[in-house]
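The values are calculated or read from the model by the stated rules, or taken from the named source; none is laboratory data. For clarity, every value in this text was computed on a predicted model and none was experimentally measured. Here the Cβ positions follow ideal geometry from the backbone for every residue, glycine too, while neighbour counts run over all protein chains shown. Remember, those area values only see protein heavy atoms, side chains included, never the ligands or the DNA or RNA. Shrake-Rupley method; radii C 1.70, N 1.55, O 1.52, S 1.80 Å.
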Amino acid sequence: MSLRTLPLLFINLGGEMLYILDQRLRAQNIPADKAKKVMNDIITTMFNKKFMEELFKPQELYSKKALRTVFDRLAHASIMRLNQASMDKLYDLMTMAFKYQVLLCPRPKDILLVTFNHMDAIEDFVRDSPSILNQVDETFRQLIDLYSCLPAGEFQLIRQTLLIFFQDMHIRVSIFLKDKVQNSNGRFVLPTCGPVPWGTEVPGLIRTFNSNGEEVKRVEFVNGGHYVGSLREGSYDLYGERILKLGTNMYSVSRPVETHMSGTSKSSASHAKENTVPNPLAKEELNLLAHLMGGLEMKKMNSGDGGFRLNLFTSDEEEEQATLLTRPEELSNKVINIQATKDQHEKEELAQIMDDFKIQEEAKQSTSKGDDLLALMDGL
Amino acid sequence: MYRKEKSIQIKSSASALYNNLSVLPILDKNLTYFTVVHGNTVNMVSASTDGLNFSHRQLQSKEGSVTVSSSVITQASWCVLPYRALLVLTSLKGIQMYESDGSIMVYWHALDALETPPAQAVFARGIAAASGHYICVGTSSGLVLVFDIPNKGTNITLAEVLAEHRDPITDIASEVSESKDCPADLVTADDAGVLCVWKSGEDFKLVSKISAYGCTCSSVKMWKGVIAAAYGSGQIRIYDAVSGMVHAEVNAHARWIYALDIAPDSGKLLSGAEDSFVQIWKLSQILESDTVEIEHCHSECVTDVQICGSRFCDPEGNTFAVTGYDLCEIIRYIQI
């Protein structure tokens with residue numbers, strides 16, 4: 001629906017990814033210099049100028065698969081490698097966290113504050129690297145320019161577009177379950193108490209007016225909730241207090257990253273649909289993707305480079321088990337279906353795209369680990 | 001008081017869209033039809049009155065591209081005209097009209113994307129029948145398209161375009177009481193909160209324009225010359241349709257209201273919002289002072305559900321149905 005949704009989706013998911021990686025890098029005792037390099041490399045790639053230019057162009061959201069591919073690529077933009085199970089888990093955590101934030105943000109415009117919370121945190125990650133900080137800052141200003149004056153109705157449309165994107169995802173996340181903000185069925189808890197959104201009155205009052213417009217009666221009613229007046233409005237500037245806590249870092253060493261996988265709730269109707277309906281636009285999408293990825297340069301990983309593997313699970317055994325667990329076929333991200341078309345011209349274009357991927361593949365041939373991305377592209 | 005009845009399972013969950021539930025009672029067959037939009041699909045259920053038999057049908061938005069977000073349906077609603085009822089679907093591509101049971105598509109109107117600035121999404125939203133043989137549909141550019149519907153057949157024509165709104169249309173409603181010769185019988189609402197009140201007919205005439213007060217009007221209803229409008233601020237306002245005067249203002253919900261409905265025979269009003277509450281109200285006309293009063297009757301919390309559609313299922317307002325984002329069911333309530 002809204003053509004301004006993609007930048008917010010990408011930046012917020014990216015922000016969540018960085019929170020998780022930051023926590024895992026520390027939990028796995030990765031040396032500080034290497035951890036720093038990973039965070040810096042990923043942030044540099046994420047806010048690549050050309051990539052941002054493409055991202056901010058008005059456009060529809062693309063499919064879950066295409067977006068997942070972008071994040072697979074982004075997670076591997078440095079010397080760190082994730083296997084399929086860890087990448088799956090990372091992506092599940094990111095998406096559920098942002099779904100929670102979109103669903104719970106008190107009013108549609110607060111999606112921007114959620115985004116700013118992520119941007120603030122990303123700036124903190126690169127505080128001591130002025131050139132990267134500048135790069136992030138530029139996107140921050142672009143966000144403010146583009147979004148801060150949009151009307152509430154447009155924000156609601158953006159929110160509704162995001163909610164359609166996240167519809168039917170009910171993965172249980174232990175940090176949410178522990179905090180009692182998610183139920184065991186995967187649905188998020190909606191509080192019926194606390195402060196109302198900025199600009200909203202506490203429900204419970206009926207005012208009646210006469211034909212001269214004078215107030216003649218006030219009647220109170222019991223609305224069923226326990227709300228209090230709103231907090232002050234968060235800052236929509238480059239700096240300032242956001243007030244809203246959604247979108248800030250909820251992980252710490254004492255609150256590790258963990259998901260509960262439940263196969264049944266994951267294989268949702270929408271997943272199935274996306275796969276059974278052949279998509280004649282897959283080519284367009286890949287075209288766009290290839291274009292976007294032009295800006296994302298893959299890091300070569302030589303054995304002397306000090307590359308390492310990050311595990312999203314508490315132990316290697318657990319990770320191995322998760323890898324062996326066969327995920328439902330429709331969820332495997334290995335295959336991107338492309339309709340073979342008769343049109344010669346289209347074929348050439350397609351070949352071009354495939355070549356583009358191949359070059360990146362070859363660049364990776366030298367590495368021993370990190371085969372997952374190769375596997376990902378094998379389907380082409 | 002209302003109590004929960006057995007709910008109706010639907011094939012796929014409801015999307016977060018305004019007024020995402022439409023109800024059509026088919027009295028002679030003892031059936032009730034329901035529709036709920038899920039992405040690019042419309043779930044249709046017909047339920048027998050005894051609540052034992054259900055039959056399902058799914059309609060897809062067939063037009064245009066197949067990327068999920070570009071073929072999203074924005075609303076599905078039945079329009080009841082004196083001689084026929086049609087199911088109208090609005091999407092990012094255009095307007096589809098089906099026979100009431102969803103079996104045959106009788107009309108397709110493509111939206112023209114050329115006039116819209118490039119960053120603006122193009123879609124249709126807001127559906128209502130008006131004065132005998134018209135169906136009005138709103139668009140994202142603020143236009144209201146008036147279609148002339150023949151008593152039967154597919155010869156549907158675009159009769160008039162109303163260009164009073166500057167922002168995307170959110171909802172359209174026509175007078176639901178049977179009163180004849182009312183000076184105004186249609187109301188259109190937009191994203192900025194502006195309401196336009198019309199007298200429908202051969203030429204649609206603007207009766208009054210109720211200016212915005214800074215918040216989207218997401219749902220609107222009209223009953224006995226009175227307009228009930230629901231806003232993103234969680235407020236409901238009751239206006240006189242002709243003068244635009246405010247009769248009452250209610251701080252009704254803690255979040256955006258997504259749906260309003262009015263029971264024509266009793267004046268009961270229903271509002272459903274993102275705060276997970278459905279509130280039932282009652283409107284009553286005070287003839288001596290020529291004003292309208294609203295009182296609160298009932299409050300129902302649908303735990304952990306952001307409500308996106310709620311409708312009465314009978315003209316008295318003794319039963320109502322609710323659905324919400326990510327929910328695969330239509331929850332029904334009955335008065336006790």
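List of remarks:
- Rounded to whole numbers, the Karplus 3J(HN,Hα) couplings from phi for the stretch A:111-127 are 4, 5, 5, 4, 4, 5, 4, 5, 5, 4, 5, 5, 4, 5, 4, 10, 3 Hz, using 6.51 cos²θ - 1.76 cosθ + 1.60 with θ = phi - 60°, and x at Gly and Pro.
- Cα gyration tensor, the stretch B:164-301 - rounded (a/c under 1.5), prolate or oblate: oblate
- Across A:64/A:99; B:152/B:205; B:4/B:268, pairs whose alpha-carbon gap is larger than 21 Å: B:152/B:205
- In this structure, the pairs whose alpha-carbon distance is over 27 Å, taken from A:65/B:6; A:89/A:245; A:36/A:180; A:34/A:245; A:245/B:93, are A:65/B:6; A:36/A:180; A:34/A:245; A:245/B:93.
- Per DSSP, loop chymotrypsin sites (Phe, Trp or Tyr not before Pro) in the stretch A:215-251 with at most 16 further Cβ within 10 Å: A:236, A:239
- The stretch A:26-43-the stretch A:89-160 distance, computed between alpha-carbon centres (Å): 23
- Panel note: contact residues of the stretch B:256-280 (accessible area lowered by at least 10 Å² against the chain on its own; 1.4 Å probe) correspond to B:256, B:258, B:274, B:275, B:276, B:277, B:279.
- One Cα centroid belongs to the stretch A:212-255, the other to the stretch B:289-336; the line between them spans 25 Å.
- Once all protein chains are placed together, residue B:28 keeps about 140 Å² accessible to a 1.4 angstrom probe.
- The stretch B:159-269 - accessible surface per residue (Å², probe 1.4 Å): 31
- Restricting the trypsin sites (Lys or Arg not before Pro) of the stretch B:98-197 to loop positions (DSSP other than H, G, I, E, B) with no more than 16 neighbouring Cβ atoms within 10 Å leaves B:152, B:166, B:180.
- The interface between chain B and chain A buries about 4900 Å² of solvent-accessible area in total (1.4 Å probe, ligands and nucleic acids excluded).
- Loop GluC sites (Glu not before Pro), the stretch B:209-294, which have at most 14 other Cβ atoms in a 10 Å radius of their Cβ (DSSP): B:288
- Peptide-level mean, for B:192-198, of C-beta atoms on other protein chains within 10 Å: 1
- Overall, the accessible surface of chain B at a probe of 1.4 angstrom is composed of carbon and sulfur to the extent of 50 percent.
- Prolate/oblate/rounded call for the stretch B:220-266, Cα gyration tensor, a/c under 1.5 rounded: oblate
- Global geometry of the stretch B:84-203, whether rounded, prolate or oblate, following the gyration tensor of its Cα atoms and the 1.5 cut on a/c: oblate
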